[in-house]
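The values are calculated or read from the model by the stated rules, or taken from the named source; none is laboratory data. If you're wondering where the values come from, they're calculated on a predicted model, not measured in any experiment. Neighbour counts run over all protein chains shown; Cβ positions are idealised from the backbone, glycine included.
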Amino acid sequence: MPLTDREKKVRVMRNTLMLYFRTFLMMIISFYTTRVVLNALGEVDYGVNSAVCGFIGMFSILTASLSTAISRYITYELGAGDEDKLQKVFSSSIIVLVIMAAILAILLESIGVWFLNTHMNIPPDRMKAANWILQFSVINTFVGMTYIPYIAAITSHEKMDIFAYFSIIDAVIALLLAFLIQLDIWPDKLIFYSAFGLANSLLMSTIYRIYCKKHFKECRFKLVFEKSLVKEMFGFAGWNFIGASSAILKTQGVGVLFNIFCGPIVNAAQGVAGQASGLATKFSGSFMSAMNPQITKSYASNDREYMYSLVFQGTRFAFFLFFILALPIFFETETLLTLWLKQVPEHTIAFVRINLITTIIDSILAGPLITVMLANGNIKNYQLIVGGIQMLGFPLAYVILKLGGTPEAVQIMLIFIAIACMISRSIMLIGMADFPAMAYLKDVVLKILQVTVIACLIPLVAYKLMPHSILNDLIICAIAALSACGAIWLFGLKKTEKVAVLEQIYKFLNIKQKNEDD
């Protein structure tokens, strides 16, 4: 029996809570892990690791679009209820990914090795370690690609509790590895850190495979290679290649440019900034991860009304969850980074603040719309225009750095690229999927702007008037968080949404009281 819209939203909320639990634990573990690893390796080795891994990530352009296609087709066929085609999608995708992983490994062992040793800005005494990182990363990339369909199966079936548990296991192992490299028994800590990371990846891929084969029928691999299906998937992936490559060039590609023009210290700042701004992103991302499968399934079942109600409400809620954490981070970036890390790499403070702004545009606003676009499947013109605009970020970053511009100038330029992409994306979706752009502007964008402006007023006054000290800075963080909550409640939520929130709070309190009475 099909679920009602209310039941679907309850499922989204339940999955979101599981992902919040995962995110909260992973946030604590990840932040401490970063601190331990940075101090164990030092700024230079941490930057070398970030630079090499970022360079490897550039080569994933070849497979990122195909991975997106596989996830889309698995979720779509689940929504359509075609079990036979679902099995064919899974088995064919395994074969294709193994072939693509092998091609990628050959490219990395040839072009990758050459570029690393001739063009990247690595201290001469760390070049041997960088080559070891490259070799471990090649194997890691191969392993990671081959279990993409298994992860897609778990998220498509909306088994977010399982996804949460596995992610926590992965994070805990990473923390244990961070403690291990602190020991003085390793000849080269950077090399062994990379080797341990590969071992962790092998373990997690095995866990995902065992679970999926046991619980999902389509995950029992059969030697099936349906030419028409693979051709359709490659056609989708081919056009999505433009968007995937532009996104990777904007992150890993710009990271390589930072390495060439500025050195590994800026790569260290980029890596730490990604971790710091990612704190707020992970909480909002939990909501979006729970929401995205239902967007695709609703499109497959032709339920446009529910799909767009979910997109509108989900985007606002994702922003609100992000904003509550992002606003304190934005105001007191320096203090929070100093408390978190013993040493804060140069450029990190500015990178964090700029990343927070970019995340709102590129992830929170764009994320649900990209899911609608992928569900539609007719992405040729969309990718040519939106992907083409986004791809401009890489050559423009090169020009800015070549002319002597700062890394911060590059990051600010990427904000304007993100705005241009968002405008183009909205216009394109009007024709692709009957996107109600004016309603989106009124109910989502203007609401977000209203909440942002109002929430910033009180903490801005406190920031200007209160003298700098650790205690005062933490008080400003609390003021910012409370101001964000107040603005969201008064101006961001609709009346029905406030009632729903209060119902959930009362329900939680009643359950808690009942448990205490028992």
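Scanning region 1-48 for residues that are at pLDDT 70 or above, touching an Asp or Glu at 6+ places or on another chain (Cβ under 9 Å) and over 30 Å from residue 130 (Cβ atoms) yields no hits at all.
None of 395, 407 is at pLDDT 85 or above, of a type outside the set (S, T, N, Q), more than 23 Å from residue 445 (Cβ to Cβ) and surrounded by fewer than 18 Cβ atoms within 10 Å (Cβ to Cβ) except 395. The residue pairs whose first member lies in region 110-122 and is more than 14 Å from residue 137 (Cα to Cα) and without any contact (Cβ under 8 Å) to a residue 40 or more places away in the chain, whose second member is part of a helix (DSSP H, G or I) and not small (Gly, Ala, Ser), and whose beta carbons are closer than 8 Å, counting only pairs six or more residues apart or on different chains, are 117/127; 117/131. Given (1) assigned to a helix (DSSP H, G or I); (2) out of contact with any Lys or Arg (no Cβ under 6 Å at 6 or more places or on another chain), identify the lone condition not met by residue 386. Of the numbered conditions (1) assigned to a helix (DSSP H, G or I); (2) out of contact with any Lys or Arg (no Cβ under 6 Å at 6 or more places or on another chain), the odd one out for residue 386 is (2). Cβ separations smaller than 9 Å between residues 6+ apart or across chains give the following pairs from region 205-220 residues that are within 11 Å of residue 94 (Cβ to Cβ) to residues that are at pLDDT below 90 and outside any helix (DSSP H, G or I): 209/147.
Screening residue 187 on (1) part of a loop (DSSP other than H, G, I, E, B); (2) crowded, with 16+ Cβ neighbours inside 10 Å shows it passes everything except condition (2).
Among the residues of region 133-149, write down those that are of a type in the set (Ser, Thr, Tyr) and either farther than 20 Å from residue 75 by Cβ or crowded, with 21+ Cβ neighbours inside 10 Å (or both).
If we filter region 133-149 for residues that are of a type in the set (Ser, Thr, Tyr), which is where we start, we get 137, 141, 146-147.
The answer is 137, 141.
Annotation: of all residues in region 315-372 being closer than 18 Å to residue 411 by Cα and of a type in the set (Phe, Trp, Tyr), the one that is surrounded by the most Cβ atoms within 10 Å (Cβ to Cβ) is 351. The residues listed here are 130, 152; of these, the one that is among the small types (Gly, Ala, Ser), in contact (Cβ under 8 Å) with a residue 24 or more places away in the chain and either surrounded by fewer than 19 Cβ atoms within 10 Å (Cβ to Cβ) or under 29 Å from residue 222 (Cβ atoms) (or both) is 152.
Among the listed residues 161, 188, identify the single one that is of a type in the set (D, E, K, R) and more than 30 Å from residue 298 (Cα to Cα). First the steps, then the outcome.
On the way: 161 fails: more than 30 Å from residue 298 (Cα to Cα).
Going through 161, 188 in turn, just one is of a type in the set (D, E, K, R) and more than 30 Å from residue 298 (Cα to Cα): 188.
Here is a check on your reading of the model: is residue 140 touching a residue at least 60 places away in the same chain (Cβ under 8 Å) and either farther than 22 Å from residue 218 by Cβ or of a type in the set (Val, Ile, Thr) (or both)? Full working, then the answer.
Details: touching a residue at least 60 places away in the same chain (Cβ under 8 Å): yes; either farther than 22 Å from residue 218 by Cβ or of a type in the set (Val, Ile, Thr) (or both): yes.
Spelling it out, residue 140 is indeed touching a residue at least 60 places away in the same chain (Cβ under 8 Å) and either farther than 22 Å from residue 218 by Cβ or of a type in the set (Val, Ile, Thr) (or both).
Scanning region 469-489 for residues that are touching a residue at least 60 places away in the same chain (Cβ under 8 Å) and over 27 Å from the mean Cα position of the chain (by Cα) yields a total of 4.
Checked against (1) under 17 Å from the mean Cα position of the chain (by Cα); (2) hydrophobic (A, V, I, L, M, F, W, C); (3) buried (at least 23 other Cβ atoms within 10 Å of the Cβ), residue 295 passes all but condition (1). When residues in region 257-290 are screened for being at pLDDT 75 or above, surrounded by 24 or more Cβ atoms within 10 Å (Cβ to Cβ) and either among the hydrophobic types (A, V, I, L, M, F, W, C) or more than 22 Å from residue 391 (Cα to Cα) (or both), 7 of them pass.
On the given criteria, is residue 206 of a type outside the set (Asp, Glu), modelled with pLDDT under 80 and in a helix (DSSP H, G or I)? Please lay out each step first, then the result.
Details: of a type outside the set (Asp, Glu): yes; modelled with pLDDT under 80: no; in a helix (DSSP H, G or I): yes.
In short, no.
As a summary of the residue check, residue 75 satisfies the conditions (1) loosely packed, with under 15 Cβ neighbours inside 10 Å; (2) within 24 Å of residue 373 (Cα to Cα); (3) among the β-branched types (Val, Ile, Thr) except for the one numbered (1). The residues on offer are 179, 192, 241, 236, and the sole one that is in contact with a Phe, Trp or Tyr (Cβ under 9 Å, 6 or more places away or on another chain), assigned to a helix (DSSP H, G or I) and touching a residue at least 40 places away in the same chain (Cβ under 8 Å) is 236.
Of the residues contained in region 353-368, none is found to be more than 20 Å from the chain's Cα centre (by Cα), more than 23 Å from residue 464 (Cα to Cα) and either of a type in the set (S, T, N, Q) or part of a helix (DSSP H, G or I) (or both). Looking across region 376-385, the residues that are surrounded by fewer than 21 Cβ atoms within 10 Å (Cβ to Cβ) and touching a residue at least 60 places away in the same chain (Cβ under 8 Å) come down to 376, 377, 380, 384.
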